[in-house]
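Asker: So that we are looking at the same thing, I have put the structure below in structure tokens.
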Amino acid sequence: MGNRKFKIYRGDNTKGELVDYNCDVTEGMVVLDAMHRIQADDANDMACRWNCKAGKCGSCSVEINGRPKLACMTRMNEYSPDETIMITPLKAFPIIKDTVTDVSWNYKQNLKIKPFSPAQNKNNTEKGLVMQQVDVERTQHFRKCIECYLCQNVCHVIRDQDAKEKFVGPRFMIRLASLEMHPMDDADRIPAIKEDHGSGMCNITRCCTEVCPEDIQITDDGIIPLKERVVDRYFDPVTMLYRKLFKK
Amino acid sequence: MTEVIGREKSFLSTLREDRWWISPMLVLFGLLSFIVYSTWAAWQGEYFWWSGALNAEGFGGYLSPFYSPTFFLDITKEGIPPISHALFGEWPNWLWWLPGHSPAWLILIFPLSFRFTCYYYRKAYYRAFTFSPPACAVGGIPQKDYKGETGVLLFQNIHRYAMYFAIVFIFLLSYDAVMAFFRDGEFGVGVGSIILLINPILLGGYTFGCHSLRHLIGGRMDCFSCSHSAEHSHSRWKIVTYLNRRHQMFAWCSLVWVGLSDVYVRLVSMGVITDLNTWV
């Protein structure tokens, strides 16, 4: 495939620059391979976070030509031979060094979520509640998340509007959905989803779904169903009355 | 060394070099075209009906979907259904102020509110009209106190009520589709019959794939296997999910088709084109 041009961000959170590199690229290489070759040949001090190189650990999230992607799942042949490949760190999070960012804000959001709370009195068999495949599939879909935080990075509420205090972001809406839709879970998170986790901050522009490397339907299966549950509780007079009458 | 590159939060700031602006531009063009045409068509108040001759009587005929159901009719207009088709008779004096004495104004609010609060269209117009954001990883208009859908946009939560009305319209337009296969009580087929038949099918694909319907019909449940009724809900939920995955496609196809249906009925009613059919 020949010699290819790269521009890679070198610096920290206060100053930095795009440094030009050239790299010989061979058939089958991904962007992370090229970064490793550049690191080995031309930039031994270049920081580059990675782990599994199989799209399952979510460590190598960067922005390639301005688009949030996993470097290990982005093939070099996606780009034309004369195209310069620009690699920059995730915009929504502070830079530690070069393309490596500090994503610890996400771990703090996770701690805000009420954990799985199994019900003691739900039974559909003599052995207690046994989950059937249809219910397993529904929550398992959300558990494909590899926590690469590409969705958090591309969400404009977090990225551009500086509303990190008001919205936990798509990844944690998905976690909330997996707990809320779990047949065995008994906790009520709807008030927190509306107030603390900020479901109303999301305006459904679906960038989170577009960048998800696991093809999780973040918007259609996670965020919108949670917004609808909030509507049930706070904005729909009929469901509010129904709940009041039947104590549900 | 320079300041940190690619991290400014200004309008349209991005490192993307692809043609990200094509999609919002197409949406802008598509939605604006529909808004302009539908406003003009609603303003006319005439030439929205055809049944073989101007102001023809008898069962059957082509009715533009913009004018269905017809609440009142101004009988001085051309190309309108017989007065018996008006649900509440002749145009009342107290509605003198409605432009063009057009019954379309009385019903367009329902499909408009359904589409305006639709979860797909929200994405489309937030990107194309309000630039929040214009595209993924492209800077939107920075706001000091961004509120998302918690402030003025809280009204988006009426979507399920708009959906209830939209379902009623599917049945009304299906009735119109059946009417389009009759002229003076005689069965037949014309190009207009086919156009008006496809219209409720596409609108049904759009409406029955609604996210709110998907929630109400089964998505609100935590367990799909815990009772027989839950299992039935799951079956219905799967059908709605199938349509929901194609919501964007149906949203555009139904929007374009409803506009085309009005154009066709209007042109036939005005005598600009001739309807090919089996009645002649």
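The values are calculated or read from the model by the stated rules, or taken from the named source; none is laboratory data. Computed from a predicted structure; not experimentally measured. With ideal geometry, Cβ positions are generated from the backbone for all residues, glycine too; neighbour counts draw on all protein chains shown. Note: accessible area is taken over every heavy atom of the protein model, side chains too, but ligands, DNA and RNA are not part of it. Shrake-Rupley method; radii C 1.70, N 1.55, O 1.52, S 1.80 Å.
Asker: Along its three principal axes, how long is region B:119-217 when you only count alpha carbons? Whole Å, largest extent first please.
Answerer: Principal-axis extents of region B:119-217 (Cα, largest first): 64, 27, 20 Å.
Asker: Between region B:46-125 and region A:1-58, what's the alpha-carbon centroid distance in Å?
Answerer: 62 Å
Asker: HN-Hα J couplings of region B:37-47 from phi, Karplus 6.51/-1.76/1.60, θ = phi - 60°, integer Hz, Gly and Pro as x?
Answerer: Rounded to whole hertz, the list is 5, 5, 5, 4, 5, 5, 5, 5, x, 8, 6.
Asker: Write down Rg/Rh for chain B, rounded to two decimals, with Rg from the C-alpha atoms and Rh from the Kirkwood relation over Cα pairs.
Answerer: On the way: Rg = 22.5 Å, Rh = 21.3 Å.
Reported Rg/Rh, Kirkwood definition of Rh: 1.06.
Asker: Excluding A:E27 itself, calculate the net charge of residues whose Cβ lies under 12 Å from the Cβ of A:E27, where each Lys or Arg counts +1 and each Asp or Glu counts -1.
Answerer: Details: positive: A:R75; negative: A:D24, A:D33.
After counting each charged neighbour, the total is -1.
Asker: Short version: what are the Cα gyration tensor semi-axes of region A:50-97, square root of 5 times each eigenvalue, largest first, in whole Å? Provide the component values of the computation, followed by the final result.
Answerer: Numbers: eigenvalues 72, 47, 11 Å².
Each semi-axis is √(5λ); the values are 19, 15, 7 Å.
Asker: List the relative contact order of chain A as a percent without decimals, with contacts defined as Cα pairs under 8 Å and 6+ residues apart. Don't jump to the answer; show the numbers that get you there.
Answerer: Numbers: 389 pairs, mean separation 39.6, N = 248.
So the answer I get is 16 percent.
Asker: Residue farthest toward the positive end of the dipole of region A:2-101, with Cβ of Lys/Arg at +1 and Asp/Glu at -1: which of A:A92, A:A47, A:V30?
Answerer: The residue sitting farthest along the positive end of the dipole is A:A92.
Asker: What residues qualify as long-range amide H neighbours of A:V30, i.e. H under 5 Å apart, gap of 5 or more or another chain, H built at 1.01 Å from N?
Answerer: Here the answer is A:M76, since their amide H atoms fall under 5 Å of that of A:V30.
Asker: Assuming a viscosity of 0.692 mPa s and a temperature of 37 °C, what translational diffusion coefficient in µm² per second does Stokes-Einstein assign to chain A, Rh being the Kirkwood radius over Cα pairs? It would help to have the intermediate numbers written out before the result.
Answerer: Details: Rh = 20.1 Å.
After rounding, the answer is 163 µm²/s.
Asker: Interface B/A, total buried accessible area with a 1.4 Å probe, nearest 100 Å²? Can you show the working numbers first?
Answerer: Details: alone 15800 and 13470 Å², together 24340 Å².
Buried surface at the B/A interface: approximately 4900 Å².
Asker: Past the 30 Å Cα-Cα mark, which pairs from A:K194/B:K144; A:K5/A:K166; A:K166/B:K9; A:K97/B:K9; A:K127/A:K194?
Answerer: Long pairs (Cα-Cα over 30 Å): A:K5/A:K166; A:K127/A:K194.
Asker: Roughly how many whole Å is it from the C-alpha centroid of region A:77-101 to that of region A:182-240?
Answerer: 31 Å
Asker: Now a separate question. Check cross-link reach from A:K122 to the lysines: straight Cα distance under 18 Å, and skip same-chain residues fewer than eight apart.
Answerer: Straight-line reach from A:K122, under 18 Å: A:K247, A:K248.
Asker: Along the positive direction of the dipole of the protein assembly as shown (beta-carbon charges: Lys, Arg +1; Asp, Glu -1; about the Cα centre), which of B:H211, B:A180, A:P81 reaches farthest?
Answerer: B:H211
Asker: Using Cα positions and a limit of under 17 Å, work out the aspartates and glutamates in reach of A:K227, with same-chain residues fewer than 8 apart set aside.
Answerer: Reachable aspartates and glutamates: A:E180, A:D188, A:E195, A:D196, A:D236, B:E149, B:D222.
Asker: May I pose another question? Have a look at A:N121, A:F142, A:Q161 and report the one farthest towards the positive end of the charge dipole of region A:104-246, computed about the Cα centre with Cβ charges (Lys/Arg +1, Asp/Glu -1).
Answerer: Of the listed residues, the answer is A:N121.
Asker: In nm, to one decimal, how far is the B:S229 label point from the B:K144 one, both placed 7 Å along Cα→Cβ?
Answerer: 5.2 nm
Asker: Separate question: Run the simple label-point estimate for A:R75 and A:D42 please: 7 Å along Cα→C-beta, distance reported in nm.
Answerer: Taking the two extended label points, one gets 2.4 nm.
Asker: May I ask you to derive the relative contact order of region A:2-101, considering only C-alpha pairs under 8 Å and at least 6 residues apart, and to give it as an integer percent? Kindly include the intermediate steps, with their values, before the conclusion.
Answerer: Numbers: 189 pairs, mean separation 34.2, N = 100.
Computed over region A:2-101, the figure is 34 percent.
Asker: Through the Karplus equation 6.51 cos²θ - 1.76 cosθ + 1.60, θ set to phi - 60°, convert the phi angles of region B:201-206 into ³J(HN,Hα) values in whole Hz; use x for Gly and Pro.
Answerer: Calculated HN-Hα couplings, in order: 5, 5, 5, x, x, 6 Hz.
Asker: Run the quick spin-label model on A:F246 and B:W40: label points 7 Å from Cα toward the beta carbon, then report their separation in nm to one decimal.
Answerer: 5.0 nm
Asker: Can you give the net charge of the other residues whose Cβ lies under 15 Å from the Cβ of B:K77, counting K and R as +1 and D and E as -1?
Answerer: Residues close to B:K77 contribute a combined charge of -3.
Asker: Taking the Cβ of B:A166 as the centre, find all other residues whose Cβ is under 13 Å away and add up their charges (Lys, Arg: +1; Asp, Glu: -1).
Answerer: Working: positive: B:R115, B:R160; negative: none.
Local charge sum for B:A166: +2.
Asker: Starting from the Kirkwood radius over alpha-carbon pairs of region A:1-68, derive D by Stokes-Einstein at 4 °C in a medium of 1.567 mPa s and give it in µm² s⁻¹. Working shown, then result.
Answerer: Numbers: Rh = 13.0 Å.
Answer, rounded: 100 µm²/s.
Asker: While we're looking at this one, here's another question. Normalized C-alpha radius of gyration of the protein assembly as shown, against 2.2 N^0.38 Å?
Answerer: On the way: Rg = 27.6 Å, N = 528, 2.2 N^0.38 = 23.8 Å.
Against the empirical 2.2 N^0.38 Å value, I get 1.16 for the protein assembly as shown.
Asker: What aspartates and glutamates could a cross-link reach from A:K15, if we take a straight Cα to Cα line under 12 Å and drop same-chain neighbours fewer than 8 places away?
Answerer: Correct list for A:K15: A:D98, B:E3.
Asker: Further question on the same structure: From the helices alone, meaning DSSP H stretches of at least four residues, give me the mean residue ellipticity at 222 nm for the protein assembly as shown, per-run term -39500 (n - 2.57), in deg cm²/dmol to the nearest 500. Don't skip to the end; give the middle numbers.
Answerer: Working: 18 runs with 211 residues, N = 528.
-12500 deg cm²/dmol, from helical runs alone.
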